[in-house]
Amino acid sequence: MIEMPVIDPEKCNGCGLCVEVCHCDALILVDDVVAVNPVEECDWCTECEIVCLTGALTCPFEIIID
Amino acid sequence: MAIQVDFLKNSPYFSGLTPAAIEAIAKLVFEKKVGKGEIFLLEGESDGVLYFVASGAAKIFKTSAEGKEQILGIARPGESINDVAVFDGGPNLAAAQAMGNVIVYGVRKNNLEAIIRDNPQVAANVIRVLANRVRYLVSLVEDLSFKHVIGRIAKILLRYAGSGAETGQRLTQQEMAAMAGTVREVVGRSLKVLEQEGAIKMDHHRILIADREALKKMIETSS
């Protein structure tokens, strides 16, 4: 399964900016809290992380020696 | 849709004004809906309009002659865009692109000047907004010109890399920025440069170190 942004629902203020900026429709708001939309794929553009002011969404990179 | 008076009241530009003054200002503000990905402000043009992000987020960026992009910042609800060009009468310093569907409130230069004449408090507020902007941009200039950020990013990548069977620690670009003593925008640019030079490969949520020696060389030459 493709990796999705990491969500901390406790930090989410339900502003919905991340859902707005997501190119892949990979994020949805459920009861005013962000959640991943399992139907869609995330392309890891990290724009949701950029716009999130509360740090509820993170897109951590795994660093690997090729 | 009517301009939201509450939004204006909470904007750093118009804080401390009376409800009557806010009502009068609201009449000089227009609303603009911008679709996802649309560029609503072009670098170098002279629109003479100050924008406030009412909802959504906008990317503020400059583009070089070679097409390279430098993000100056992300404007979120409440924040203003194009202040400098409106006040000095020059061309727009940067472009603005809607990161999702965005609603902006616009104020034309002549109306803004009238607002400031009628409400001296706004002038004091503008000074504070612009001073904050200068502080941020000076720190960005410092990062881009004096600090050897690429070398620091290269060092972080080598330090936190996992090798095959062993998983490396996962890091966000924000965390890398904090470690390198810079801002996220500079990390994004550094990773792009490292990828263009063939030192790393960005693969979805993975940063693959393709040329360890090249990264080591960057650490040596930038220290």
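The values are calculated or read from the model by the stated rules, or taken from the named source; none is laboratory data. It should be emphasised that the depicted structure is a prediction, and the values quoted were computed from it without experimental measurement. Every residue, glycine as well, gets a Cβ built from its backbone with ideal geometry; the counts of neighbours run over all protein chains shown.
Give me the pairs: first residue in segment B:37-65 and aromatic (Phe, Trp, Tyr), second residue assigned to a loop (DSSP other than H, G, I, E, B) and modelled with pLDDT of 95 or more, beta-carbon distance under 7 Å, and six or more apart or on different chains, which are they?
As it stands, the answer is B:51/B:82; B:61/B:94, since those pairs meet every condition given.
With (1) more than 19 Å from the chain's Cα centre (by Cα); (2) more than 11 Å from chain A (Cβ to nearest Cβ); (3) at pLDDT 95 or above as the list, and residue B:131 as the residue in question, which single condition is left unmet?
Against the list (1) more than 19 Å from the chain's Cα centre (by Cα); (2) more than 11 Å from chain A (Cβ to nearest Cβ); (3) at pLDDT 95 or above, residue B:131 comes up short only on (1).
Residues are listed down the side, and each one gets a yes or a no for (1) facing another protein chain (nearest Cβ under 7 Å); (2) touching a strand residue (DSSP E or B) at 6+ places or on another chain (Cβ under 7 Å):
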| site | (1), (2) |
| --- | --- |
| A:5 | no, yes |
| A:27 | no, yes |
| A:30 | no, no |
| A:33 | no, no |
| A:45 | no, no |
| A:48 | no, yes |
| A:64 | yes, yes |
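Given the criteria within 12 Å of residue B:174 (Cα to Cα) and hydrophobic (A, V, I, L, M, F, W, C), does residue A:52 qualify?
Yes; evaluated as a whole, the condition is true for this residue.
Restricting to segment B:21-67, give me the number of residues that are within 13 Å of chain A (Cβ to nearest Cβ), part of a strand (DSSP E or B) and either of a type in the set (Lys, Arg) or under 22 Å from residue B:109 (Cβ atoms) (or both).
7
Would you pick out the residues in segment A:11-62 that are assigned to a helix (DSSP H, G or I) and without any contact (Cβ under 8 Å) to a residue 40 or more places away in the chain? Write out each step before concluding.
Taking segment A:11-62 as the starting set, the residues that turn out to be assigned to a helix (DSSP H, G or I) are A:11, A:17-21, A:47-51.
Across segment A:11-62, the qualifying residues are A:17, A:18, A:19, A:20, A:21, A:47, A:50, A:51.
May I ask you to verify whether residue B:12 is away from chain A (no Cβ under 14 Å) and touching a residue at least 40 places away in the same chain (Cβ under 8 Å)?
So residue B:12 passes the test.
Restricting attention to segment B:194-223, and to residues there that are in contact with a helix residue (DSSP H, G or I) (Cβ under 6 Å, 6 or more places away or on another chain) and assigned to a helix (DSSP H, G or I), which single residue is nearest to the other protein chains (Cβ to nearest Cβ)?
Here the residue is B:215.
What residue, of B:175, B:213, is surrounded by fewer than 19 Cβ atoms within 10 Å (Cβ to Cβ) and over 26 Å from residue A:6 (Cβ atoms)?
Just a single option satisfies the conditions, and that option is B:213.
Select, from A:33, A:6, the only residue that is more than 21 Å from residue B:174 (Cα to Cα) and surrounded by fewer than 21 Cβ atoms within 10 Å (Cβ to Cβ).
Matching residue, one of A:33, A:6: A:33.
Which condition does residue B:22 not pass, out of (1) free of Cβ contacts under 8 Å to residues at least 60 places away in the same chain; (2) closer than 24 Å to residue A:20 by Cβ; (3) surrounded by 16 or more Cβ atoms within 10 Å (Cβ to Cβ), if it passes all the others?
In the conditions (1) free of Cβ contacts under 8 Å to residues at least 60 places away in the same chain; (2) closer than 24 Å to residue A:20 by Cβ; (3) surrounded by 16 or more Cβ atoms within 10 Å (Cβ to Cβ), residue B:22 misses (2) alone.
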